[in-house]
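Here's the structure we're looking at; comments come further down.
Each value in this text was obtained by applying a stated rule to the coordinates, not by laboratory testing. Quick caveat: nothing in here was measured; it's all calculated off a predicted structure. Heads up, the Cβs are rebuilt from the backbone with ideal geometry, glycines too, and the neighbour counts pull from every protein chain shown.
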Amino acid sequence: MIVVACPGQGSQTPGFLSPWLELDGARERLEAYSDAAKVDLVTHGTVSDADTIRDTKIAQPLIVAASLLTWHALGDAAQHAGGVAGHSVGELAAIAATGVVSDETAMYLVGERGRAMAQSATEAATGMSAVVGGVEADVLAAIAEHDLQPANFNGGGQIVAAGALDGLAKLAEAAPRGARVIPLQVAGAFHTRYMGSAVEALRAAVATVTDAVAPATRLWTNSDGSVVADGQRALDLLVGQVSSPVRWDLCMQSFADSGITGLVELSPAGALVGLAKRGLKGTPTVAVKTPEDLEAAVALLNGVAA
């Protein structure tokens with residue numbers, strides 16, 4: 001049972017889409033995605049600098065577009081996936097990959113989501129920090145002590161704290177025993193109460209989508225790691241997820257309970273494979289960073305040696 005995982009924000013690097021545009025039809029596909037998201041993904045994926053593509057309203061559509069380009073590049077092998085899950089904004093790639101909505105609808109939604117979350121991030125001086133290691137109960141207590149919220153439960157001993165910058169600074173100064181606090185290069189406290197206005201904006205965008213269907217492939221949700229069988233519910237969960245914690249730890253537990261035998265992370269890959277190596281020890285993984293990695297991913301999906 002091979003899981004296909006769609007990464008979240010933060011994995012993008014300057015020029016990372018350049019090699020993908022050499023594939024047949026990829027440029028035309030990306031241009032269509034650009035029109036849907038109202039973001040010039042060809043330019044931002046090839047020549048824009050690191051600061052530019054770190055902007056939430058650009059980063060989120062880039063991430064989803066890259067994952068969808070990879071999904072289609074897998075060809076028939078993608079149909080052998082036992083299920084699909086996305087981390088945070090990666091859930092929008094996941095709902096398109098599983099057929100809940102079209103690629104263009106997913107790109108429209110991620111464009112709206114990115115702009116709304118970028119706007120929410122300007123309303124207060126907030127940020128996020130990864131807390132790696134330590135005892136989970138101690139980590140959560142320290143996060144609460146500084147009026148922060150756990151935004152991501154990533155599994156493998158990693159929780160992301162989010163909230164006011166002064167609270168994050170205090171957390172770093174007095175890290176829980178055995179833990180490291182690592183500031184993240186993001187614009188605001190995503191997946192927390194600070195994203196309230198973004199929730200409403202995405203809810204309005206989702207309300208325009210009237211043709212969602214049931215997933216054609218098993219689809220897990222970040223809300224609690226369960227399988228979502230209804231297309232409209234999948235969309236509704238995406239709305240609430242903007243201000244709620246990402247439970248990737250529960251997703252990985254569900255993968256394990258379902259008998260996972262491998263994990264393929266779509267471009268821009270790396271982060272989720274890293275989490276799997278700690279949270280799903282011994283599970284074969286492939287991180288598809290460039291088209292050169294497609295052969296190994298196809299082999300894993302097809303159940304043959306690369």
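General remarks:
- Computed [θ] at 222 nm, helices only, for the chain once each DSSP H run of length n ≥ 4 contributes -39500 (n - 2.57): -13500 deg cm²/dmol
- Computed on the stretch 51-185, with alpha-carbon pairs under 8 angstrom and 6+ residues apart, the relative contact order is 23 percent.
- Overall form of the stretch 180-235 per C-alpha gyration tensor (a/c, 1.5; a/b vs b/c): oblate
- Considering only alpha-carbon pairs that sit under 8 angstrom and 6 or more positions apart, the relative contact order computed for the chain is 23 percent.
- Efficiency of FRET between D166 and S197 - r from beta-carbon atoms, R0 22 angstrom, step 0.05: 0.50
- Between the listed residues G156, H191, M107, the Cα displaced farthest toward the positive end of the dipole of the stretch 93-194, a dipole computed from Cβ unit charges relative to the Cα centre, is found at G156.
- Under 5 Å from the amide H of G262 lie the amide H atoms of V3, each residue being 5 or more positions distant or on a separate chain, with H modelled from the backbone and absent for Pro and chain starts.
- A cut-off of 5 Å between modelled amide H atoms, ignoring neighbours fewer than 5 places along the same chain, links S48 with G15.
- Overall form of the stretch 58-97 per C-alpha gyration tensor (a/c, 1.5; a/b vs b/c): oblate
- Rounded, prolate or oblate (a/c below 1.5 giving rounded, otherwise prolate when a/b exceeds b/c) for the stretch 165-289 by Cα gyration tensor: oblate
- When +1 charges are put on Lys and Arg Cβ atoms and -1 charges on Asp and Glu Cβ atoms, the dipole computed for the chain relative to its Cα centre reaches about 580 debye.
- Here the gap between A299 and D55, fully extended at 0.36 nm per residue and compared with their Cα-Cα distance, gives a gain of 84.3 nm.
- What the Kirkwood sum gives for the stretch 104-210 is a hydrodynamic radius of 14.5 Å, with every pair of different alpha carbons counted.
- Highest-first packing order for the peptide set 174-185, 63-74, 99-110, 141-152 is 63-74, 99-110, 141-152, 174-185, based on the mean count of other beta carbon atoms within 10 Å.
- Given (1) 16.2; (2) 14.2; (3) 18.4, the label whose value is mean projected area of the Cα convex hull in nm² derived from this model: (2)
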